[in-house]
Amino acid sequence: MCGICGKVYLDNRKTIDNNIINRMCNVLKHRGPDGGGIFVDGNVGLGHRRLKIIDLSQAANQPMSNEEESIWIVCNGEIYNFRQLRSNLERKSHIFKSNTDIEVIIHLYEEVGVECVKQLRGMFAFCLWDNKKRRLLLARDRVGKKPLVYCIVGDSLIFASEIKAILQDPCVIPQVNLNALDDYLTYQYVPAPETMFLGIKKLPPAHIMVYENGKINIEKYWSLDYRNKTLMRQEEICQRLLEILKEATRIRLISDVPLGVFLSGGIDSSAIVSLMSEVSSEPIKTFSIGFEEESFNELQYAQRISRIFNTKHREFIVKPQAADILPKLIWHFNEPFADSSCIPTYYLSKMTREEVTVALNGDGGDESFAGYERYVANKLAAAYDLIPLSLRKIFNFLILDHLSESTNKKDFIKRLKRFTKVNSDPKQRYSSWMSIFDEGLKRDLYSKEFIHNLNYRGGSAYIREAYHQAKADNFLDATLSVDVATYLAGDLLVKMDIASMANSLEARSPFLDQEVMEFAASIPANLKLNGWTTKYILKKAFAHRLPKEILNRVKAGFAVPIGSWFRKELKDYAYNLLLDNRAIRRGYFRKGAIQQILDEHINGKIDHGGRIWSLINLELWHQIFIDRTISTNGC
């Protein structure tokens, strides 16, 4: 696990400044505190920061080359099938100089060229330079576990694991991407391929970029197909699922450094602990996070799993003062990122890193096996749509709109208001459910000047396009495909990568193994959401391994009580920051609209906690990256 960066001039006569590559590397030191290196040759420069995981020797340092030094690579990630690939390559007379997994990419590229990426099983973002062909290859793993950003400035292409490294090049002037700002307020993150910086792009998951002969070509190399369903019986599906997930867990235990696992007490992380207990020869170390607020604290479930599997368990309680770390987190995230669970994820990673260097987790189970309650809500909505539209509008106007919302995680009124939003198009409705600010709220919030400067495409375009791209024959499978392409890639995996790597911790996700995901896609939709039961087939598979209280508990998520915080400890902070003249003068928002959001939240009418959080993140991001008035001292 590492940080990578580099620059190539499209004009072969130009030369790279070593100092720029060194500066880019230095700002990525948290991703690789165990060493660094650069390779500069004329118009090409590559940089690397290393976190030692597999092969701790100097031979595994990067940038790494083939025997004749005509091909060079810098890579962030792990290739879990590298031993099999290496064995095949050695039979073809390829010579290896290390025992690291990354070296197989070089020799695989020598065999099959850019198609090499299709044979890699793992998480990765890499840059490969082919000096003979004067070809630069950038590639990213299938679901987007490892980040890769780039920009084209003049006659140069610059890339890195994180945006802040690109900003070390004086040729790059940070400017706000207004359309990305609009998308951010909709989804709480900036969807790929855009970033909040004008001109800086994300390479989307499962994509490769090739620069050759003065041309840049970007192509997608993988996607899930939900149309071809397995003919196995239910019992066979359960058995096969356990086999594949167990293997995915086993190969993620390959490491030359200590490992642990994040344990929430939900079915996904509990399933991984149960499988680890079978394949690990060492005692399992588990790590959990909790809150003082009772409705958000679920440590008792993690403690139950820890006792069952006899793990070495540690816990941490997150308190409102944790918001003090927000500027540091924004510096690490590079963009405004309003998923408040990044705070507990950061502290969980920090605590975990005190004992291990690698941690497994349960990310991806919900998107493959239909774990979110909103999938049930989609079913209910189909029945709700049978009620005449006029009656639904009257119910909302006369009753629901006048009920107050609490900040409790499972507040019924808040959830009912979201459910009954009058929109019978299921795709549009799902987009609305996934939004922080809906279109009406944004219209009220935005200033006339900001609206004029927007190249507006509509808040649901991103979700609608994902539905259009889905290879599925029913709405549930299509929605799972949408969540893999949007919420998982743009939110959850970004959160996990940044929060863990900020603490120099590698996070591994067995549920995101391509073979697990491809098999899950082949399972009939009614075995994922069976009646009103989410994750039906996964629960069946682990019925004899996990207690019923874990299998049958309502999904909790990794929610943070920010709504309560903004009504109590952080109330003054929110008012002072968002109504400050500096924030208002940016010209994005109407001061009266901001005041109304804060007042409605404080008086208990509407829970605007998530919206206030997103606005605070945006303002602090501005001060750190655009104004540069908040010093993070490189965090």
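Annotations for the structure displayed:
- Looking only at region 121-163, residues that are within 18 Å of Asn217 (Cα to Cα), in contact with a Gly (Cβ under 8 Å, 6 or more places away or on another chain) and of a type in the set (D, E, K, R) come to 1 in all.
- Failed item in (1) outside any helix (DSSP H, G or I); (2) open to solvent by 20 Å² or more (accessible area, probe 1.4 Å); (3) modelled with pLDDT under 95, with Asp572 passing the rest: (1)
- Condition check for Asn177: closer than 20 Å to Gln62 by Cα and not aromatic (Phe, Trp, Tyr): no
- For region 52-111, filtering for residues that are farther than 18 Å from Asn131 by Cβ, touching an Asp or Glu at 6+ places or on another chain (Cβ under 9 Å) and of a type in the set (Ser, Thr, Tyr) leaves 3.
- The set of residues from region 305-328 being part of a helix (DSSP H, G or I) and either touching a Cys at 6+ places or on another chain (Cβ under 6 Å) or at pLDDT 95 or above (or both) comprises Ile305, Ser306, Arg307, Ile308, Phe309, Lys328.
- Answer from Gly3, Gly77 - the residue that is outside any loop (DSSP other than H, G, I, E, B), at positive phi and not polar (S, T, N, Q): Gly77
- Output for region 111-140, where each listed residue is in a helix (DSSP H, G or I) and crowded, with 17+ Cβ neighbours inside 10 Å: Val114, Cys116, Val117
- Any chance Ser341 is buried (at least 18 other Cβ atoms within 10 Å of the Cβ), closer than 30 Å to Trp565 by Cα and modelled with pLDDT under 95: yes
- When the criteria are applied in full, Ser281 fails the requirement of being crowded, with 19+ Cβ neighbours inside 10 Å, of a type outside the set (A, V, I, L, M) and at pLDDT below 95.
- Selection status of Asp627, over 27 Å from the mean Cα position of the chain (by Cα) and either within 30 Å of Leu241 (Cβ to Cβ) or of a type outside the set (A, V, I, L, M) (or both): no
- Once region 250-278 is narrowed to residues that are open to solvent by 40 Å² or more (accessible area, probe 1.4 Å) and outside any helix (DSSP H, G or I), the residue that is nearest to Asp363 (Cα to Cα) is Ser264.
- Note on region 41-69: residues that are open to solvent by less than 10 Å² (accessible area, probe 1.4 Å), part of a loop (DSSP other than H, G, I, E, B) and either of a type in the set (Gly, Ala, Ser) or within 19 Å of Gly122 (Cβ to Cβ) (or both) amount to 2.
- Whichever residue in region 80-98 is outside any helix (DSSP H, G or I) and of a type in the set (S, T, N, Q) and, among such residues, is surrounded by the fewest Cβ atoms within 10 Å (Cβ to Cβ): Ser93
- For region 477-493, the criterion of being within 19 Å of the chain's Cα centre (by Cα), charged (D, E, K, R) and surrounded by fewer than 23 Cβ atoms within 10 Å (Cβ to Cβ) is met by at least one residue.
- Sole residue being open to solvent by less than 10 Å² (accessible area, probe 1.4 Å), of a type in the set (A, V, I, L, M, F, W, C) and modelled with pLDDT under 95, chosen from Met24, Met1: Met1
- Count - residues of region 495-522 that are open to solvent by less than 10 Å² (accessible area, probe 1.4 Å) and either aromatic (Phe, Trp, Tyr) or in contact with a helix residue (DSSP H, G or I) (Cβ under 6 Å, 6 or more places away or on another chain) (or both): 10
- Only strands (runs of 3 or more DSSP E) whose full extent lies in region 175-225 are considered here, and the ones with at least 3 residues that are surrounded by 14 or more Cβ atoms within 10 Å (Cβ to Cβ) are 200-202, 207-212.
- Here Asp101 fulfils each of the conditions (1) part of a loop (DSSP other than H, G, I, E, B); (2) open to solvent by less than 60 Å² (accessible area, probe 1.4 Å); (3) free of Cβ contacts under 8 Å to residues at least 12 places away in the same chain apart from (3).
The values are calculated or read from the model by the stated rules, or taken from the named source; none is laboratory data. Please read all numbers here as calculations on a predicted model, not as lab measurements. Note: ideal-geometry Cβ built from the backbone for every residue, glycine included; neighbour counts use all protein chains shown. Just the protein is used for accessible areas: all its heavy atoms, side chains included, with ligands, DNA and RNA removed. Shrake-Rupley method; radii C 1.70, N 1.55, O 1.52, S 1.80 Å.
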